[in-house]
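The values are calculated or read from the model by the stated rules, or taken from the named source; none is laboratory data. The structure displayed is predicted, hence computed values, not measured ones. Reconstructed Cβ throughout: ideal geometry from the backbone, glycine too, with neighbour counts over all protein chains shown. Note: accessible area is taken over every heavy atom of the protein model, side chains too, but ligands, DNA and RNA are not part of it. Shrake-Rupley method; radii C 1.70, N 1.55, O 1.52, S 1.80 Å.
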Amino acid sequence: MRKPLVAALFALVIAGAGAAPAAAAPAPEAPAPVSAAVSVSVSARSADSPAPAEAPTLRAVTFAGTVSLSNCSGSVIRFPNSATTDPALVLSNGHCLETGFPEPGEVIVGQASSRTFGLLNSAGTRVATLRASKVAYSTMTDTDVTIYQLTSTYAQIQSSYGISPLTVADTHPVAGTAITVVSGYWKRTYACNIDGFVYRIKEGAWTWKDSVRYTSACQTIGGTSGSPVVDNATGKVVAVNNTGNEDGGRCTENNPCEVDANGNVTVREGINYAQEIYQIPACFTTGNKLNLSASGCTLPKP
């Protein structure tokens, strides 16, 4: 997978899971232009022609609500039932955790953290520094996520900086969906579609279930780990970017492989992946409090 960038060594840590030596970080590229809203117009037709089905109007996908970490990307998120007075949450990858990669089978809950995040506005300009109060949840088992609880509420962030959180979708993503991967670290976006879903991804010692596979247009790089994967039509976050097969290796760090239900292995060099997050909202109850025993919560438990 792609490991995070280690600033002290100027090293690129790629967007997945592995503890292999970091490669030299490339110089930051100029920020890509923020995606503009796309609308579909109906072409002229004769009065008796049947009206064609209209394609949905796509939302503008910007950097607003995304964050930069010291070595990864992330986003300020809310769940469908979150209140504005709740402590805000930041979503990134499990392998972006500041204390190191969680081991296979390890689940971290309520770990103290004072990590900081650079909050971006729609143009990708850093407008504030947000701070964590704790790691609400982190794991690299079955999925690859870290969720931080912040010292600020959504209302405080909105009032001070005019920025709203991104909403996490609570339904399974759909193949063919047009998506944008938004990297707060690089201030760069990657546009493609969901190509399909992978029964299991294996990378080194880690295994992830029901992962999102991108079409080849999303050529994510190191430092994009933890980026929100945004559904262009709804503006909701449907996955979190985390890994890709760099050079054709088979099931090794930085070279994840796909494993189907019969154990057949497929290697797709140059293809990148994300982890689904639709199952997470069921695990957070009133006040954005984690409850792994809540009805419908299927996240791995400590």
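Restricting attention to region 170-187, the residues that are of a type outside the set (S, T, N, Q), touching a Ser or Thr at 6+ places or on another chain (Cβ under 7 Å) and open to solvent by less than 30 Å² (accessible area, probe 1.4 Å) total 4. Looking at the structure I just gave you, is Tyr185 touching a strand residue (DSSP E or B) at 6+ places or on another chain (Cβ under 8 Å), of a type in the set (Ser, Thr, Tyr) and not in a strand (DSSP E or B)? Spelling it out, Tyr185 is indeed touching a strand residue (DSSP E or B) at 6+ places or on another chain (Cβ under 8 Å), of a type in the set (Ser, Thr, Tyr) and not in a strand (DSSP E or B).
What are the residues in region 233-255 that are assigned to a loop (DSSP other than H, G, I, E, B) and surrounded by fewer than 23 Cβ atoms within 10 Å (Cβ to Cβ), if any?
Answer for region 233-255, where residues must be assigned to a loop (DSSP other than H, G, I, E, B) and surrounded by fewer than 23 Cβ atoms within 10 Å (Cβ to Cβ): Ala233, Thr234, Gly235, Lys236, Glu246, Asp247, Gly248, Gly249, Arg250, Cys251, Glu253.
Each row is one residue, and each column tells you yes or no for (1) free of Cβ contacts under 8 Å to residues at least 12 places away in the same chain; (2) more than 16 Å from the chain's Cα centre (by Cα).
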residue: Ala233; (1), (2): no, yes
residue: Ala239; (1), (2): no, no
residue: Asp247; (1), (2): no, yes
residue: Arg250; (1), (2): no, yes
residue: Asn254; (1), (2): no, yes
residue: Asn264; (1), (2): yes, yes
residue: Gly270; (1), (2): no, yes
residue: Ala274; (1), (2): no, no
residue: Cys283; (1), (2): no, yes
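Set side by side, the residues Tyr199, Tyr190 differ, and just one is under 17 Å from the mean Cα position of the chain (by Cα), part of a strand (DSSP E or B), surrounded by fewer than 24 Cβ atoms within 10 Å (Cβ to Cβ) and among the aromatic types (Phe, Trp, Tyr), which is Tyr190. Residues that are surrounded by fewer than 24 Cβ atoms within 10 Å (Cβ to Cβ) and touching a residue at least 60 places away in the same chain (Cβ under 8 Å) do not occur anywhere in region 92-100. Under the condition of being buried (at least 24 other Cβ atoms within 10 Å of the Cβ) and aliphatic (A, V, I, L, M), the residues counted in region 202-225 number 1. Residue check: Ile157 meets all listed conditions (1) more than 18 Å from the chain's Cα centre (by Cα); (2) open to solvent by 10 Å² or more (accessible area, probe 1.4 Å); (3) among the hydrophobic types (A, V, I, L, M, F, W, C) but one, namely (2).
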